Every structure is written in structure tokens, then in C-alpha cells.
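The structure appears below as C-alpha cells.
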Amino acid sequence: MNAQPVRCQQLRHVYQMDGGQLIALDTIDLTLTPGSSNAIIGPSGSGKSTLVALLAGLQRPTSGRVYLGEEEISRLPETALLRIRAEQVGVAMQNPSRNLLPYADAVDNIRFAQRGPRSYRRQTQLPNPEQLLDELGLAPLAGIPVDRLSGGERQRIALAVAAANRPGVLIADEPTSQLDAANRDRVVELLRHISTHLAATVIAVTHDPLVAVGLDRTIQLHEGRITEDTAA
Ligand SMILES: Nc1ncnc2c1ncn2[C@@H]1O[C@H](COP(=O)(O)OP(=O)(O)OP(=O)(O)O)[C@@H](O)[C@H]1O
Ligand SMILES: [Mg+2]
């Protein structure tokens, strides 16, 4: 898969709750360059996780459009969306243990991620797990059950697993939140490497300005709107 541009137009997301509604995102317009690395930064509740869930096709917007490459994913039927998610989008959730099978090693975790949904046959060749780990500088961790790795090591394996299908877009929600400075820098380096060498458009949600400065572009959210957008 080649790196995909990610685009949204007039994106709005409203959560319905018993007492009323909550506008999580309002009129977001954004175009991310294929192969770039991008930080989404902003205070708690500003809409970061909602935005990346919409860009990943994990949630549907209340209104507005989301495009991955040429495809408008916000209006695809569920089966077509499932295929796009499996083939084009890699996601690492906030807590790395949620992304991994704890007793399996990195190689088996990658293999598991590569199986994809039962309902379709994949057209493209998937990377060999050992080779992928080697490309990402993670070969020494390949054979160790992930529950025996440190938090920083596990987070890097979670990113390798997110990259298992060579997605055109890789999304990581708070990939450095539980890490010290040295491990944070390793994760930032890995995110950059995934964008440049594996040709994925990388989107990382973060609270940490030092993660953002390591990436190509920083998009700041506040109360569901973009308040700042800066290229490094
Ligand atoms: N499933 C939901 N139902 C109702 N409201 C929600 C839901 N998910 C998020 N919200 C609300 O939408 C707003 C944006 O939430 P979101 O999780 O996108 O913020 P965030 O920037 O990721 O915050 P954090 O930094 O704390 O992870 C918040 O006010 C939140 O309370
Ligand atoms: Mg969040």
C-alpha cells in the first residue's frame, strides 16, 4: 500500500446523551500529506480521539466527509469499510496492552494482525513478520512474549503490529503517555520511520509537545475546533 492522503471536510461529530447533546467536533477541514507524520494535540476533551476514530473509519461522523485516498469512507457501506480498515488503516490504541496478545511474541502478534477479516481475500503480499521487525529495528524483541517486555518496548511492538498490513495510514492514540523521555524519543523515531520508510501517513494523538516537535506537522484542537496548525 502506498501512503494515502487523509482528508476531511466540514467534519462535525455530536454525541447524543440523555440530557442533550455534546458537540465533540465542529467544522473540521484538514488535508494530510501522504507519507507525512502528524501530531494531534490539545487538552483533555478537545476531540482528539473522536477525530482519529473518524479518520480511521472506526466511527461515522454526524455530518461532513472523510476521504482516505480517493475513497470517501464516511459514506461507504459497512463491508466496504471493513475491507478498507483491514487493508489501509493501522491503529494503535492508547493502552498498548489492548493492542497485543500478551502471551504471544511480536512475530505471532504480527501474524495474528495479518489474518484480517474472514470474509475476503487479500490481493497484496503482506510483509514477513521477522522482516518487518528487522526493518523497524525491533528484531531483538521478535521472540519474547510481549507481557515480558517493558512498557516502551511493548509500545514499539504495538506500532509494528499496527504496521503489519503495510497500511497507507497509521494512527496512534497517545503512544507515549506512559513512557519516560528516552522511550518517548524511541517511539517518535519509530513513528517517523514508519512514515518515511514504510510510506504511511502517520497521525499521532499526544499531550506531549515534545512528541509533536519530532513530527512534521502539529494540529492543535480546542473544544472541537482546530486552533493552530504548524509545520515543523
Ligand atoms: N461515547 C461518548 N459519548 C458521549 N460523549 C463522548 C463520548 N466520547 C467522547 N465524548 C465527549 O466528547 C468530547 C471529546 O472527547 P474525546 O475523547 O474525543 O477527547 P480527547 O481530546 O481525546 O480527550 P483525552 O485527552 O481525555 O483523551 C469530550 O467532551 C467527551 O466527554
Ligand atoms: Mg482521547
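The values are calculated or read from the model by the stated rules, or taken from the named source; none is laboratory data. Note that this is a predicted model, so its numbers are computed, not measured. Counting neighbours? That spans all protein chains shown, and the Cβs are built from the backbone with ideal geometry, glycine included. Just so you know, the surface numbers come from the protein's heavy atoms only, side chains and all, with ligands and any DNA or RNA stripped out. Shrake-Rupley method; radii C 1.70, N 1.55, O 1.52, S 1.80 Å.
Name the residue from S150, A24, P43 whose Cα lies farthest towards the positive end of the charge dipole of the stretch 6-231, charges +1 on Cβ of Lys and Arg and -1 on Cβ of Asp and Glu.
Looking along the dipole axis, the top candidate is A24.
Give the distance, in whole Å, between the Cα centre of the stretch 192-228 and the Cα centre of the stretch 101-155.
So the two Cα centres are separated by 24 Å.
May I ask you to compute the full-extension gain from A181 to L101, defined as 0.36 nm times their residue separation minus their alpha-carbon distance, rounded to one decimal in nm?
Residue separation times 0.36 nm, minus the Cα-Cα distance, leaves 26.2 nm.
State, as an integer percentage, the relative contact order of the chain based on alpha-carbon contacts under 8 Å between residues 6 or more apart.
In percent, rounded to a whole number, it is 31.
About the Cα centre of the chain, what is the dipole size in debye to 20, counting +1 per Lys and Arg Cβ and -1 per Asp and Glu Cβ, all else neutral? Let's see the in-between values first.
Values: 23 positive and 25 negative charges, 134 e Å.
The calculated dipole for the chain is roughly 640 debye.
When the accessible area of the chain is computed with all protein chains present and a 1.4 Å probe, what percentage of it is carbon and sulfur?
The C+S portion of the solvent-accessible surface of the chain is 48 percent.
When you count, for each residue, the other Cβ atoms within 10 Å and take the mean per peptide, how do 45-54, 142-151 rank with the highest first?
Taking the mean over residues of other Cβ atoms within 10 Å, the ranking is 45-54, 142-151.
Out of residues 5 or more away from L25 or on other chains, whose amide H comes under 5 Å of its own, with H placed 1.01 Å from N in the peptide plane?
Amide H neighbours of L25: H13.
For the chain, what is the percent of antiparallel DSSP beta bridges, rounded to the nearest 5?
Close to 55 percent.
Can you give the FRET efficiency to the nearest 0.05 for Q16 and E130, using r as the Cβ-Cβ distance and R₀ = 35 Å?
0.15
For the stretch 74-135, which chymotrypsin sites (Phe, Trp or Tyr not before Pro) are in a loop by DSSP, counting at most 13 other Cβ atoms within 10 Å?
Y103, Y120
Find the accessible area per residue for the stretch 6-231; the probe is 1.4 Å, ligands and nucleic acids are left out, and the unit is Å².
Numbers: 10770 Å² over 226 residues.
That works out to 48 Å² for each residue.
Kindly identify the stretch 40-101 as rounded, prolate or oblate by the Cα gyration tensor criterion: order the square roots of the eigenvalues as a ≥ b ≥ c, call it rounded if a/c is under 1.5, otherwise compare a/b with b/c, prolate if a/b is larger, else oblate.
Numbers: a/c = 2.31, a/b = 1.21, b/c = 1.91.
Judged from the Cα gyration tensor, the stretch 40-101 comes out oblate (a/c at least 1.5, b/c at or above a/b).
What FRET efficiency comes out for A231 versus L58 if R0 is 25 angstrom and r is the Cβ-Cβ distance? Round to the nearest 0.05.
E(calc), rounded to 0.05, equals 0.40.
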